[in-house]
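The values are calculated or read from the model by the stated rules, or taken from the named source; none is laboratory data. This structure is a prediction, so every number in the text was calculated from the model and none was measured. Here the Cβ positions follow ideal geometry from the backbone for every residue, glycine too, while neighbour counts run over all protein chains shown. Side chains included, ligands, DNA and RNA excluded: accessible areas come from the protein's heavy atoms. Shrake-Rupley method; radii C 1.70, N 1.55, O 1.52, S 1.80 Å.
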Amino acid sequence: MSIDLAVIGGSGLYAFEGLENVERQRVETPFGPASGDVVTGDFRGKRLAFLARHGESHTLPPHRVNYRANLWALHSLGARRVVAVNAVGGIRDDMGPRTLVVPDQIIDYTHGRYTSFNDVDGAEVRHIDFSEPYTQSLRQAIVAAARAEGLAIIDGGVHGVTQGPRLETRAEIARMRRDGCDLVGMTGMPEAALARELDLEFACLALVANYAAGAGDEAEISIEEIFAHLAAATANVPPILGRLLADA
């Protein structure tokens, strides 16, 4: 099967609007079940595969997502380019709610997750180069697509990935700011590293849902406001990816 682009949807993105000739596939993997069916269809004349990271009913918290199965499933269906859509909090002052960001670096604060396909008996131990965690050409294509659609987007930033599912304390965000993080999310790792192990082109389209604790002017974080901001930012995903596919 030829897949022109695979999309992993994060919080707030559980289906991809506009797909035609839709098929659903439950993919068996050596690492157990993926988060759900891989939905494939035609979008703007190209073949797109979509997988909801948390499940289509958001039943999987960040630390229980089977990242290995998800990436394996997409790869086995023929995907070679993957755009991960991640809901994040903004730490940097110019990364407020509804901002679109294509980060270029990661700091991993997660623990206890299966972080590699090497984590099985008899597997080849492969030391990947992860100095640049995202594929530069795909990153730049996303940025160009957004701007061609008239959308403001920030090119670059450090994506700090925490364990979740709770939000972070003010002290934790202050530490992350000192570490150089611009964004905070819960699902960016080990996803990016697993994609590299499979030699996939991989980039993140981050949707800022809120300022992180102690950042911006917000006294506290409202879950209702988070999802309102996220819905507004998510509406920009199909036109960006449609332009990305058209320009490929």
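It is to be established whether one or more residues within the stretch 165-179 are open to solvent by less than 50 Å² (accessible area, probe 1.4 Å), on the phi > 0 side of the Ramachandran plot and not polar (S, T, N, Q).
As a first pass, look at the stretch 165-179 and keep what is open to solvent by less than 50 Å² (accessible area, probe 1.4 Å): 168, 173-174, 176.
Restricting the remaining residues to those that are on the phi > 0 side of the Ramachandran plot gives none.
No, the stretch 165-179 contains no residue that is open to solvent by less than 50 Å² (accessible area, probe 1.4 Å), on the phi > 0 side of the Ramachandran plot and not polar (S, T, N, Q).
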Worksheet item: Condition test on residue 91, is it among the aliphatic types (A, V, I, L, M) and open to solvent by 20 Å² or more (accessible area, probe 1.4 Å)?
Response: no
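Against the condition surrounded by fewer than 16 Cβ atoms within 10 Å (Cβ to Cβ) and among the basic types (Lys, Arg), how does residue 147 come out, does it pass?
On the way: surrounded by fewer than 16 Cβ atoms within 10 Å (Cβ to Cβ): yes; among the basic types (Lys, Arg): yes.
Yes: the conditions hold for residue 147.
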Worksheet item: Out of the residues in the stretch 44-55 that are farther than 18 Å from residue 191 by Cα and assigned to a loop (DSSP other than H, G, I, E, B), which is most open to solvent (accessible area, probe 1.4 Å)?
Response: 44
Worksheet item: So which residues in the stretch 215-235 are modelled with pLDDT of 90 or more, open to solvent by 10 Å² or more (accessible area, probe 1.4 Å) and not in a helix (DSSP H, G or I), if there are any at all?
Response: 235
Practice prompt. Test residue 53 against the stated conditions and say whether it is at positive phi and of a type in the set (Lys, Arg).
Written response: no
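Out of the strands (runs of 3 or more DSSP E) lying entirely within the stretch 1-43, which hold 3 or more residues that are open to solvent by less than 80 Å² (accessible area, probe 1.4 Å) and not aliphatic (A, V, I, L, M)? Can you show your working first?
Working: elements: 5-9, 20-25, 38-43.
The qualifying strands (runs of 3 or more DSSP E) are 38-43.
Pull up the stretch 150-169, narrow it to residues that are hydrophobic (A, V, I, L, M, F, W, C) and assigned to a loop (DSSP other than H, G, I, E, B), then point me to the one that is farthest from residue 94 (Cα to Cα). Can you show your working first?
Narrowing the stretch 150-169 to residues hydrophobic (A, V, I, L, M, F, W, C): 151-154, 158, 161, 167.
Now narrow it down to the ones that are assigned to a loop (DSSP other than H, G, I, E, B): 151-153, 167.
Numbers: 151: 15, 152: 12, 153: 11, 167: 20 Å.
Here the answer is 167.
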Item to complete: Determine which single condition residue 106 fails, assuming it passes every other condition in (1) touching a Pro at 6+ places or on another chain (Cβ under 7 Å); (2) open to solvent by 50 Å² or more (accessible area, probe 1.4 Å).
Response: (2)
Practice prompt. Answer with yes or no whether residue 223 is out of contact with any Asp or Glu (no Cβ under 7 Å at 6 or more places or on another chain) and of a type in the set (A, V, I, L, M, F, W, C).
Written response: yes
Item to complete: Please specify each residue of the stretch 56-88 satisfying the condition of being open to solvent by less than 50 Å² (accessible area, probe 1.4 Å), touching a Phe, Trp or Tyr at 6+ places or on another chain (Cβ under 8 Å) and part of a loop (DSSP other than H, G, I, E, B).
Response: 66
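If the requirement is being farther than 28 Å from residue 146 by Cα, in contact (Cβ under 8 Å) with a residue 40 or more places away in the chain and in contact with a helix residue (DSSP H, G or I) (Cβ under 7 Å, 6 or more places away or on another chain), which of these qualifies: 68, 98?
Numbers: 98 fails: farther than 28 Å from residue 146 by Cα.
Exactly one residue qualifies, and that residue is 68.
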Worksheet entry | Any pair with Cβ under 8 angstrom, 6 or more apart, that starts in the stretch 223-242 at a residue that is more than 17 Å from residue 90 (Cα to Cα) and ends at one that is assigned to a loop (DSSP other than H, G, I, E, B) and of a type in the set (Asp, Glu) | 236/149; 238/17; 239/149; 240/149
